[in-house]
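Undergrad: Sharing a structure with you now.
Read-outs: derived from the displayed coordinates by stated rules, not from any lab. On a predicted model such as this, the values are computed, not experimentally measured, just so you know. Positions of Cβ are backbone-derived with ideal geometry, glycine not excepted, and every protein chain shown enters the neighbour counts.
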Amino acid sequence: MRQLGSPVCNINPRGRRVRLMGGRVSLAAAVGVGMSALVLGNPLLGIAAALLAAGGVLALYEARRGWCAARAVGIPTPL
């Protein structure tokens, strides 16, 4: 059994690029949805913005480290 520690690179450069772009798009969408939440006063939009931001940050982390959380737990991914 492998020791827990820093993530081991498990995605190729193409997968890293896809995650980088996805993270950027998610963060941009989070800003837009968050602004809509403020203007409309809808707390559900605020929650959606927070979830989009969290997903975007995770994707950027995966792109930076070259590590995919889904692959790390055995879920096959196409990229």
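Undergrad: Can you find, within the stretch 24-46, the residue that is nearest to residue 56 (Cα to Cα) among those that are touching a helix residue (DSSP H, G or I) at 6+ places or on another chain (Cβ under 6 Å) and among the aliphatic types (A, V, I, L, M)? Show your work before the answer.
TA: Step one: of the stretch 24-46, the residues touching a helix residue (DSSP H, G or I) at 6+ places or on another chain (Cβ under 6 Å) are 26-27, 29-30, 33-34, 36-37, 45-46.
From the residues that got through so far, the ones that are among the aliphatic types (A, V, I, L, M) too are 27, 29-30, 33, 37, 45.
Details: 27: 5, 29: 9, 30: 8, 33: 13, 37: 18, 45: 16 Å.
Selected residue: 27.
Undergrad: Having 1 or more residues that are among the charged types (D, E, K, R) and either in contact with a strand residue (DSSP E or B) (Cβ under 9 Å, 6 or more places away or on another chain) or loosely packed, with under 13 Cβ neighbours inside 10 Å (or both) is the bar; report the helices (runs of 4 or more DSSP H) wholly within the chain that clear it.
TA: Details: elements: 13-40, 43-65, 69-72.
Here the list reads 13-40, 43-65.
Residue-wise test of (1) of a type outside the set (A, V, I, L, M); (2) touching an Asp or Glu at 6+ places or on another chain (Cβ under 8 Å).
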| site | (1), (2) |
| --- | --- |
| 7 | yes, no |
| 11 | no, yes |
| 18 | no, no |
| 27 | no, no |
| 32 | yes, no |
| 56 | yes, no |
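Undergrad: What are the pairs, 6+ residues apart or on separate chains, where a residue within the stretch 32-61 that is in contact (Cβ under 8 Å) with a residue 40 or more places away in the chain has its Cβ under 7 Å from a residue that is surrounded by 13 or more Cβ atoms within 10 Å (Cβ to Cβ) and assigned to a helix (DSSP H, G or I)?
TA: So the pair list comes out as 59/19; 59/22; 59/23; 59/26; 60/20; 60/23.
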